[in-house]
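To keep things clear, I will list the structure first and then write my remarks on it.
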Amino acid sequence: MARRSAAQQRLRDLALLRRVRDRIDREYSRPLDVEALARGVNMSAGHLSRQFRLAYGESPYSYLMTRRIERAMALLRRGDLDVTEVCFAVGYSSLGTFSARFTELVGVPPSVYRRRAEATAAGIPPCVAKQVTRPIRNGEAGRAEPQLL
């Protein structure tokens with residue numbers, strides 16, 4: 001009986017974590033913090049962070065930052081916004097913080113990425129460009145350039 005209850009609770013927690021992840025995906029450009037995300041699913045911030053990391057391999061904050069940088073990369077590839085406009089469009093309030101985080105995840109500053117993207121992504125469908133240019137977590141960005149197979 002207790003085993004079934006624990007399994008049911010785990011499934012409920014996973015459903016709540018999916019709601020948190022979906023909210024981050026939807027509202028990445030808004031000010032979000034772990035406490036607000038946790039309140040939205042009636043969990044403590046610590047419990048949410050631990051469970052989210054177990055389920056998705058990274059903290060809710062890291063997931064949010066990755067989503068923001070992925071969107072920034074798409075906007076920079078599109079080319080109609082400058083770096084400052086992209087910074088604010090994806091939810092950052094500081095250009096310095098945005099540039100530092102972008103450089104950490106992508107391996108180059110946003111302005112350099114934009115220049116390279118113009119040449120590299122020419123003729124590549126946006127859905128493919130998004131996949132091969134996805135940021136890599138944990139300092140792995142400098143290891144290798146994305147390759148098309």
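Could you go through the stretch 83-96 in sequence order and give the Karplus-derived ³J(HN,Hα) for each residue, using 6.51 cos²θ - 1.76 cosθ + 1.60 with θ = phi - 60°, rounded to whole Hz, and x for Gly and Pro?
4, 5, 5, 5, 3, 6, 5, 9, x, 7, 10, 9, 5, x
Step through the residues of the stretch 25-31 one at a time and calculate ³J(HN,Hα) from phi using the Karplus curve (6.51 cos²θ - 1.76 cosθ + 1.60, θ = phi - 60°), rounding each to whole Hz and writing x for Gly and Pro.
Taking θ as phi minus 60°, the curve returns 4, 7, 10, 4, 8, 8, x Hz for the stretch 25-31.
Please list 3J(HN,Hα) in residue order for the stretch 98-109, calculated via the Karplus relation 6.51 cos²θ - 1.76 cosθ + 1.60 where θ = phi - 60°; whole Hz, with x for glycine and proline.
4, 4, 5, 5, 4, 4, 4, 7, 9, x, 9, x
Here, each number is a calculation from the coordinates, and none is a lab measurement. Because the structure is predicted, anything quoted here is derived from the model rather than measured.
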